[in-house]
Structures are given as structure tokens and as C-alpha cells.
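Report on one structure; see the data block that follows.
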Amino acid sequence: MRRRTGVLIGAVVMTAALVSACGDVPLEGSQPSPSTKPSAKPSTTPGKPSETPTPTEPDPSKTLTPGVKPPNAAPVTRTFPEKLPNSKPPLFVVVSFDGAGDLTLWSHWRQIAKQVNARMTFFLSGPYLYPGSHRTDYKPAYLAPGSSDIGWGDPEKVVRRAAVLRQAIAEGHEIGTHANGHFCGKTGIDRWNAAQWNDELQAFDHMVIQGPTLAAGKPLAAPFDPTTVKGMRTPCLEGNRPAYRQVMRQRGMLYDASEPGYIAWPKKTDGVWNFPLQSVELAGTHKNTLTMDYNLWYSQTEAHEAPAAHAPALKAQVLATYRLALGRSRAGGNPPLFLGNHFNRWNNSVYSDALTSFVQETCTEPDVRCVSNIELLTWLQKYGVPAKRP
């Protein structure tokens, strides 16, 4: 979740032209964090409705039965052909979310995915599964125990969220890790070495395994087996990449979705697949932005809330940006399109609404396959990266 808008210099170099605050979505009902630095958030955030249970929410007491082996976090239940009838590879559209906390939006995106036979990747932040009363169990590098720039979980929501995660996996969605405290900027994760990243990911494992039980006050199974997580997106897309990728390899993880890039076929870097958020042109402008909702928000209004009357035009611009990016992929031999989002209602829900419309109109097109990161990776492992067109 890097809050940057990239610009192209020549053909191969990307720099950060605009830098804004890190804007992940804090947990509702979370207890204050004892972080030694202020939380970096947008200056204004929209109000959030209460997360009342929806008819699609599972019953945690039946879903998280103690003693039952938790499922694999990265299910692969579908296969795809090497080439379509037009002799091109499928055009994979990969939609992923950072944080994955808000229960109402969990219901929304699972329903949208069912409508169009899509699978998605959800990069979970550890505190979303850990109650604030036990926050000092977490000891992040350089900060006080219990520090978290996104807060901690409300016990009742932790249990419900764990049950929803279990059900999402059963529907074929993938869970990745977004690490834990979401520490960005000069005093954040950029300073961490491999040993500190190892501690961070072990803390994530602990939160997944123990959080629901601590929240419920009785034994519950984990929503998934954290040792089967295959991908990560780092907070703010930051961090020493060789350091944390070393730890990823040691843990058997396969891809990193953190580094900005371009619309091109992925490749391996530091021994893991690099699945980037891509630099695209904001429709109707000469601005370049990454395919992440926060970056689009920053490009449009510098991450300030616009008047509600502006929402239709802003949504239309984001939707047009996605369509242009899809067109660039088709023109370039169908390399994957990676779209990043949050469970958010920023800027009068412009970005969630635009992505919803894009998924609904695109995932049913004959050449498109809307897949999770692990589904794409499995296809790449089977067929390899397509050769460049002459």
C-alpha cells in the first residue's frame, strides 16, 4: 500500500513523484495503540456504518470447530488453458485487497465474486484477528509492545471475521499476509532486517492461530493454516526487499505483491515472483498512478474527500483508467492486470464502486479470467512466461 504516484523516466525507471500519507483502514472498536510515532492516515476519512451480521455470514461456533485442521490459505481449484482460441494466453485480471477487515465489505466482495466466477486475494493484517486486550503480545522492532498503526480487533468482530475468512477460502479465495502493525515511513519497516521480518511473520502466525480463541474466551480453530500463506504485500509497499524476500523464501512463500511496476509479464526477483501494482495513466490526464485505490485517490484529490456531487465524475475517471489499462494489456499480448484495493469507502466510495463496476463488466468477457494471485502463479509455473511477440 504505497501511497505514491509513479512517473516514467525513459522506458525502465520509475521514481516517486508524489508522496502522501499511508492510509490503511483502522479497525473499528480497536483500543488505542501505544505506538511511539503518530499514525499516518489521510486527513479525513468517511464514516463507517456499523458492521451488523449479514445473512451470508457463517456461524463461528460451527465454522471454527476446535481440533479440526485449518484449511490451506491459498487454494487452487481451477485450471486455465495455455492459450485461448485466438492463440493468445488468457488475460488474467488479479484483484487483491489490503487489510481485509470490514465485515460488510467482506460480504460485498464475496457476492460480487460469485456473480462473475472470480477468485480474489485478500492480504490480511494480523491485528484484524487479535483482540486489543492482548496487544502487548506483539513486540514490533524499534517500537513499544502492542504498537500498531491500525489498532487492534474488537473481540466480537475478530471471531466473526475469522469465520468469514474460513468461508472465503472454501469459496476459492486466497489469503495472503499484509504483516501486522503497518509501520510506514522513515521510522517504519524500511529499517527492518531479515531477522526482524522473521519475527514479524512469526507474530502474524501467532495472531492467526491464537487470536480467535483469545477473542472468544474459549477454544476455536484458526481460520486457516498461516504456514500455507504463499504471498505478501508489505505495508505501504515499503521494506528492504532482499531482506524480507529472504525470509519469504525460507518460509516457502512464492510471490511478493509489493513492488511498483508496469503492465508486463511477471518475473522472479530475489527468488520469488514479483507481482507488481502497475503504473498506468489516469484517464483524461498525463498523470501516472499505480493501480491501487489509494494512489488513484491521491492522484484525483490528494487523498482529500471531495464533495459528494463529484463522486460520479471521479468514479467514471477511475473506471475509464481501468479500461485503458485493460486495453494496454490486450495490445501487449495479454500480460496480467493487477488491481489493488482496500476495504474502504474513501471519497464517497468512489474506488470500491468503480472496481465493482469494472469487475462486473470485465470478468465475464471471453478472453478474461479473474483470478487470485496463487491461481496466476500456478498457471505461470505450469506454462512459463509467454515469449515476447516479435
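Could you tell me whether region 191-209 includes any residue that is farther than 29 Å from residue 113 by Cα, assigned to a loop (DSSP other than H, G, I, E, B), modelled with pLDDT of 95 or more and open to solvent by 20 Å² or more (accessible area, probe 1.4 Å)?
Pass one, region 191-209, residues farther than 29 Å from residue 113 by Cα: 191-200, 202-203, 206.
With the extra rule that they be assigned to a loop (DSSP other than H, G, I, E, B), the set shrinks to 192-193.
If we keep only those that are modelled with pLDDT of 95 or more too, we end up with 192-193.
If we keep only those that are open to solvent by 20 Å² or more (accessible area, probe 1.4 Å) too, we end up with 193.
Yes: region 191-209 contains one or more residues that are farther than 29 Å from residue 113 by Cα, assigned to a loop (DSSP other than H, G, I, E, B), modelled with pLDDT of 95 or more and open to solvent by 20 Å² or more (accessible area, probe 1.4 Å).
Does residue 245 satisfy the condition of being over 18 Å from residue 129 (Cβ atoms), open to solvent by less than 10 Å² (accessible area, probe 1.4 Å) and of a type in the set (Lys, Arg)?
Working: over 18 Å from residue 129 (Cβ atoms): yes; open to solvent by less than 10 Å² (accessible area, probe 1.4 Å): yes; of a type in the set (Lys, Arg): yes.
In short, yes.
If you go through region 264-272 one residue at a time, do you hit one that is of a type in the set (Phe, Trp, Tyr) and under 20 Å from residue 98 (Cα atoms)?
To start, the set of residues in region 264-272 that are of a type in the set (Phe, Trp, Tyr) comprises 265.
Filter again for under 20 Å from residue 98 (Cα atoms), leaving none.
Checking region 264-272: not a single residue is of a type in the set (Phe, Trp, Tyr) and under 20 Å from residue 98 (Cα atoms).
Yes or no: residue 234 among the β-branched types (Val, Ile, Thr) and either surrounded by fewer than 19 Cβ atoms within 10 Å (Cβ to Cβ) or under 13 Å from residue 377 (Cβ atoms) (or both)? Let's see the steps before the verdict.
On the way: among the β-branched types (Val, Ile, Thr): yes; either surrounded by fewer than 19 Cβ atoms within 10 Å (Cβ to Cβ) or under 13 Å from residue 377 (Cβ atoms) (or both): no.
Answer is no for this residue.
Condition check ((1) surrounded by 23 or more Cβ atoms within 10 Å (Cβ to Cβ); (2) under 16 Å from the mean Cα position of the chain (by Cα); (3) more than 30 Å from residue 303 (Cβ to Cβ)) across all residues:
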| position | (1), (2), (3) |
| --- | --- |
| 345 | no, yes, no |
| 348 | no, no, no |
| 353 | no, no, no |
| 360 | no, no, no |
| 365 | no, no, yes |
| 372 | yes, yes, no |
| 376 | yes, yes, no |
| 381 | no, no, yes |
| 385 | no, no, yes |
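From 239, 271, grab the single residue that is open to solvent by less than 30 Å² (accessible area, probe 1.4 Å) and touching a residue at least 24 places away in the same chain (Cβ under 8 Å). Can you show your working first?
Numbers: 271 fails: open to solvent by less than 30 Å² (accessible area, probe 1.4 Å).
Result: 239 is the single residue among 239, 271 that is open to solvent by less than 30 Å² (accessible area, probe 1.4 Å) and touching a residue at least 24 places away in the same chain (Cβ under 8 Å).
Among the residues of region 148-182, count how many are in contact (Cβ under 8 Å) with a residue 60 or more places away in the chain, crowded, with 22+ Cβ neighbours inside 10 Å, farther than 21 Å from residue 220 by Cβ and out of contact with any His (no Cβ under 9 Å at 6 or more places or on another chain).
Count: 6.
Out of all the residues in region 248-263, which are open to solvent by 50 Å² or more (accessible area, probe 1.4 Å) and under 15 Å from residue 96 (Cβ atoms)?
Step one: list which residues in region 248-263 are open to solvent by 50 Å² or more (accessible area, probe 1.4 Å), which gives 249-251, 254, 259, 262.
254, 259 - these are the residues of region 248-263 that are open to solvent by 50 Å² or more (accessible area, probe 1.4 Å) and under 15 Å from residue 96 (Cβ atoms).
With the checklist (1) open to solvent by 30 Å² or more (accessible area, probe 1.4 Å); (2) farther than 29 Å from residue 88 by Cα; (3) touching a helix residue (DSSP H, G or I) at 6+ places or on another chain (Cβ under 6 Å) in hand, flag the one item residue 313 doesn't pass.
Status for residue 313: all satisfied but (3).
Every residue in region 237-269 that is acidic (Asp, Glu) and farther than 20 Å from residue 379 by Cα, please. Lay out the reasoning, then the answer.
As a first pass, look at region 237-269 and keep what is acidic (Asp, Glu): 238, 256, 259.
Matches in region 237-269: 238, 259.
Which residues, taken from region 115-133, are open to solvent by 10 Å² or more (accessible area, probe 1.4 Å) and not hydroxyl-bearing (Ser, Thr, Tyr)?
Initial filter on region 115-133 (open to solvent by 10 Å² or more (accessible area, probe 1.4 Å)): 115-117, 119, 133.
Of everything in region 115-133, those that are open to solvent by 10 Å² or more (accessible area, probe 1.4 Å) and not hydroxyl-bearing (Ser, Thr, Tyr) turn out to be 115, 116, 117, 119.
Within region 314-345, how many residues turn out to be more than 24 Å from residue 87 (Cβ to Cβ) and either in contact (Cβ under 8 Å) with a residue 60 or more places away in the chain or charged (D, E, K, R) (or both)?
Result for region 314-345: 8.
Given the conditions (1) at pLDDT below 70; (2) touching a helix residue (DSSP H, G or I) at 6+ places or on another chain (Cβ under 6 Å); (3) open to solvent by less than 20 Å² (accessible area, probe 1.4 Å), which single one is not true for residue 101?
Going through (1) at pLDDT below 70; (2) touching a helix residue (DSSP H, G or I) at 6+ places or on another chain (Cβ under 6 Å); (3) open to solvent by less than 20 Å² (accessible area, probe 1.4 Å) one by one, residue 101 breaks only (1).
The values are calculated or read from the model by the stated rules, or taken from the named source; none is laboratory data. Note that the coordinates shown come from a computational prediction; the quantities given were computed from them, not determined experimentally. When we count neighbours, we look across all protein chains shown, and the Cβ atoms used for this are built from the backbone with ideal geometry, even at glycine. What goes into the accessible areas is simple: the full protein's heavy atoms, side chains included, and nothing from ligands, DNA or RNA. Shrake-Rupley method; radii C 1.70, N 1.55, O 1.52, S 1.80 Å.
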